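The values are calculated or read from the model by the stated rules, or taken from the named source; none is laboratory data. On a predicted model such as this, the values are computed, not experimentally measured, just so you know. Here the Cβ is made from the backbone with ideal geometry for all residues, glycine too, and neighbour counts use every protein chain on show. Protein only, heavy atoms only, side chains kept; ligands, DNA and RNA dropped before computing areas. Shrake-Rupley method; radii C 1.70, N 1.55, O 1.52, S 1.80 Å.
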Amino acid sequence: SEPCVVALREGESAGVAVGAGRHIGVSSPKTAALNSMKGHEGRFMVKRVGAMCRGGIHCGSIYCHHGIGIATQNNLDLLQLVAGVMGRLAGPWLIGGDWNCTPEQLTAACWLRLVKGKFFAPAANTCNGKVYDVFVVADCLAHAVVSAHTFGDTHWLPHSGVRLLLRRCSSTITSRPLH
């Protein structure tokens, strides 16, 4: 996990994690691109989870800068760095998190085209009457998504937890080879 960082107003902010059950292998991807996250500490993490398909799946967690909009330079820089990391990974991936924008705003930022991904959002609001907590899934994995749902019983105010349901599809996922 990435630790919380102290926000400008001296409150803890950010902090992301990727986890799996003890019986499932989790490892760090071998890409130097992860070292380029300076200035965005605690905002993004990706791990390879040894489940679902041969070679596993890369699972990411993101927390975009809040209160400034997704189209501001700070968030666009973060998204560019994340795109650089995801583009260097071999195999399918997904990123879940608090994007601090609606799926429509994320789409308008043209980032989904850059990473070749699709968003999957729950029907119910996830934070303060809006849908900010969604998943972005690589195009090669999107066919496996069944649905996204909010958890109604979490105590993570003002957010609700969100779950992505995937169908087993190990034989139909294509990998991108490393060049």
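Some points to look at:
- Under a 5 Å amide H cut-off, with hydrogens placed 1.01 Å from N, residue 91 pairs with 176 among residues at least 5 apart or on other chains.
- Per-residue extension of 0.36 nm, minus the Cα-Cα distance of residue 154 and residue 123, leaves a gain of 9.5 nm for this segment.
- Per-residue HN-Hα couplings for segment 97-104 [Karplus 6.51, -1.76, 1.60; θ = phi - 60°; Hz; x = Gly/Pro]: x, 9, 7, 6, 6, 7, x, 5
- Calculated from backbone phi, Karplus (6.51, -1.76, 1.60) coupling profile of segment 82-94 in Hz, x at Gly/Pro: 5, 4, x, 5, 5, x, 9, 8, 9, x, x, 8, 8
- Positive contributions from Lys and Arg (+1) and negative ones from Asp and Glu (-1), summed over other residues with Cβ under 11 Å from the Cβ of residue 66, come out at 0.
- With the convex hull constructed from alpha-carbon coordinates only, segment 110-158 shows a mean projected area of 4.1 nm² over all directions.
- Each residue of segment 60-76 is assigned a 3J(HN,Hα), and the resulting list reads x, 9, 9, 9, 5, 4, 9, x, 10, x, 6, 8, 7, 4, 4, 6, 5 Hz, derived from the Karplus form 6.51 cos²θ - 1.76 cosθ + 1.60 (θ = phi - 60°), x at Gly and Pro.
- The calculated pair-distance distribution of segment 28-179 uses every alpha carbon pair, bins of 10 angstrom beginning at 0, and gives 11, 42, 37, 10, 0 percent.
- Environment charge at residue 145 (Cβ cut-off 10 Å; Lys +1, Arg +1, Asp -1, Glu -1): +2
- Among beta bridges identified by DSSP and lying wholly in segment 38-162, the antiparallel ones come to about 75 percent.
- Once backbone amide H atoms are built at 1.01 Å from N, residue 166 has 146 as its partners under 5 Å, excluding neighbours fewer than 5 places away on the same chain.
- FRET efficiency for residue 27 and residue 66, using Cβ-Cβ distance with R0 set to 25 Å, rounded to 0.05: 0.25
- Residues whose placed amide H lies under 5 Å from that of residue 45, excluding near-sequence neighbours: 61
- Efficiency of FRET from Cβ geometry, residue 142 and residue 105, R₀ 30 Å, rounded to 0.05: 0.90
- Local electrostatic count, residue 100, Cβ distance below 11 Å [Lys/Arg +1, Asp/Glu -1]: 0
- Heavy-atom accessible surface of segment 51-106: percent carbon and sulfur, 1.4 Å: 52 percent
- Computed over segment 78-135, the quotient of the alpha carbon radius of gyration and 2.2 N^0.38 Å is 1.14.
- Net lengthening on full extension, residue 38/residue 114 (0.36 nm per residue, minus Cα-Cα): 25.2 nm
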